[in-house]
Every structure is written in structure tokens, then in C-alpha cells.
Amino acid sequence: MRLLTGQSDLTDEDLARLYAYPPGPWLRANFVASADGAGHLDGASAGLSSGADRHVFALLRTLADVIVVGAATARTERYRPVRPRELWRHLRAGRTATPPVAVVSARLDLDLASSLISAAPPDARTIVITTAASPPDLRAELARRADVIVAGEETVDLKAAVSALAERGHQRQLTEGGPHLFGQLVAADLVDELCLTISPLLTGPAAGRIVSGTLAPDHPLPLALAHVIDADGFLLCRYTRVRGAGRGG
């Protein structure tokens, strides 16, 4: 056993270095949870967050090529296109001002008039990942306002979806949930990294975890602790998958 200690007063440059993506395709997940494992408070994650967590949240979005979310989370958290003022602009040099949001929706249960669809900039149009079984008329209507990826027949084939995003140049991928999508990504052995902020709160048994659903991986995925940052009692943890465990060996 050892006591985790480290540098105090981390600068933004330190944080950018700590959270830099490795070369090649990489899927990072970012969540916040209470000390007793709750993935939300009153249905949303905002009540579990902190200033430091939001600061790193903006950094992770800045570093990403695309932000992947489930349709339910997009509705609950009222997702909209990322705005340049929300990011660390100097780290977006050579790329679009903002990363696009990719929404996973098997049946296209989306509000086509929402700002997430209608207000995305032309160089970072919202991407919708759906199935061949989704309504063709809705797909055609949506394709006029967003980029559409068909991956899978009845259910979304997340391996095909992740590959399709990478082929479009979105290799540095960030998923912000929700729990069902995260569970599916874990079961499909697609997660390379988990950034988890542990909030110093006890919320009780009502809220679900950061991962849910009926699918499960063939075996638990071993993770290595890359770092822990203490920010006024909030623990910002970064885990990466152990080399040789799953995805690509």
C-alpha cells in the first residue's frame, strides 16, 4: 500500500498533459459519481459536480474529436452543440472550433427542431448513429439537418459506429453516457479509458450507477490507475485499460 501524493496547484498546462490522448483511435468515457456509487442526483449529473470537475469536463471536450451520447441522456441533460466559449480554445488549433456531438438513437426518437440538431455549425454538424430499422422518412428528413450513420440492423452496432467515426477522422472519442450506452460500450469491449470524478456525497440507494442495462462483458475489464487529483475533496480519477486486456490485445 502507498499514500497517493503529488504536485499541488496544478496548472492548465499540467492538466492538458495529464489528459492528452495517446496516438490512434481511443474511446474515453467521462462520468461523475457520488461516494456511494450514484451516477446522478435527481435525474441529472450536475448536482454531483464541482468547479474542478466542470473545468476538466471542458478540457476533455476540448481534446476530443467527437462527443458520443445516448439519445436519452441528450434529452435529460438538454444537450446542445458545443460552443467555442465553453472550451480551451488554444487547444483546438488546426481543428474545427468545436467537436460535433454524435447521438446514438436506434429508432430516431429525437426532436428534429432541438438546438442540438438545428443549431450545430456547418463544420461540426451533429452526427446521428442509428439502425437500418429506423423509419426511412425520418432518416431522410434528419439527413438534411445532420450527418447520419447507419450501424446495425435492429440494434446499433457500436463497434461499427466507433469505426465509422474513426474513419471520418474522429479518432479521439469521448462518451459522456448515459449509463445504458456506457454499459453497451463496456460489453462490446470498446472502452479504452474511464475518467471518473468521485463526489464527496452520500445519496442513498435511489439513484443508479454510471453503468446499467442487461448486457455484460465476457469478463471484468482490468484498469490501471493513471492518476488521481484531489480538488477540495472531489477525486478526479483517470483509469486506462491494462495493456493486453481486450481491445486489440
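By a 1.4 Å probe calculation restricted to protein chains, ILE127 has an accessible surface near 0 Å², given to the nearest 10. Based on Cα contacts under 8 Å between residues 6+ apart, region 183-249 shows a relative contact order of 43 percent. Under the rule a/c < 1.5 gives rounded, and otherwise a/b versus b/c splits prolate from oblate, where does region 81-131 land using the Cα gyration tensor? Verdict is prolate for region 81-131.
Accessible surface ranking for ARG83, ARG17, ARG243, 1.4 angstrom probe, highest first: ARG243, ARG17, ARG83. Heavy-atom accessible area, probed at 1.4 angstrom with all protein chains present, ranks HIS55, HIS90, HIS219 as HIS90, HIS219, HIS55, highest first. Run through all the Cα pairs of region 24-145 and give the fraction in each 10 Å bin from 0, expressed as whole percent. In whole percents, the pair-distance histogram is 12, 39, 34, 13, 1. Gain on full extension, evaluated as 0.36 nm per residue between ALA97 and ALA206 minus their Cα-Cα distance, stands at 35.3 nm.
Considering only ALA206, ALA132, ALA16, the Gaussian network model of the chain with Cα springs below 10 Å gives its largest mean-square fluctuation to ALA206.
In the chain, the portion of solvent-accessible area held by carbon and sulfur atoms comes to 54 percent [1.4 Å probe, whole percent, DNA, RNA and ligands not counted].
Computed on the chain, with alpha-carbon pairs under 8 angstrom and 6+ residues apart, the relative contact order is 26 percent. In terms of its alpha-carbon gyration tensor, region 158-203 comes out prolate; a/c meets the 1.5 threshold, and the first ratio a/b outweighs b/c.
For region 98-168, report the % of Cα-Cα distances exceeding 14 Å. Result for the distance tail: 54 percent.
Summed over all non-identical Cα pairs, the Kirkwood treatment of the chain gives a radius of 18.7 Å.
Around the Cα centre of region 123-213, unit charges on the Cβ atoms of Lys, Arg, Asp and Glu (plus for the first two, minus for the last two) sum to a dipole of about 220 debye. When the chain is treated as a GNM with alpha-carbon contacts under 10 Å, the residue of PRO99, PRO121, PRO179 showing the greatest mean-square fluctuation is PRO121. The spread of Cα positions in region 105-237, taken along each principal axis and listed from longest to shortest, comes to 48, 35, 34 Å.
Given a 10 angstrom Cα cut-off, can you work out which residue in GLY37, GLY24, GLY47 is the most mobile in a GNM of the chain? Maximum among the listed residues: GLY24. Helices in the chain, meaning DSSP H runs of at least 4 residues, each add -39500 (n - 2.57). Divided by all residues, the mean residue ellipticity at 222 nm is -6000 deg cm²/dmol. Sites listed here are trypsin sites (Lys or Arg not before Pro) in region 150-207 whose DSSP assignment is loop and whose Cβ has at most 15 other Cβ atoms within 10 Å: ARG168. Each Lys and Arg contributes +1 and each Asp and Glu -1, all at the Cβ; summed about the Cα centre of region 91-249, the dipole is approximately 380 debye.
Normalising the average separation of contacting C-alpha pairs (under 8 angstrom, six or more residues apart) by the number of residues puts the relative contact order of region 128-232 at 22 percent.
The values are calculated or read from the model by the stated rules, or taken from the named source; none is laboratory data. These figures come from a predicted structure and were not determined experimentally. Don't worry about glycine lacking a Cβ; one is built from the backbone with ideal geometry, like all the others, and counts go over all protein chains shown. These area figures cover heavy atoms from the full protein model, side chains too; ligands, DNA and RNA do not enter into them. Shrake-Rupley method; radii C 1.70, N 1.55, O 1.52, S 1.80 Å.
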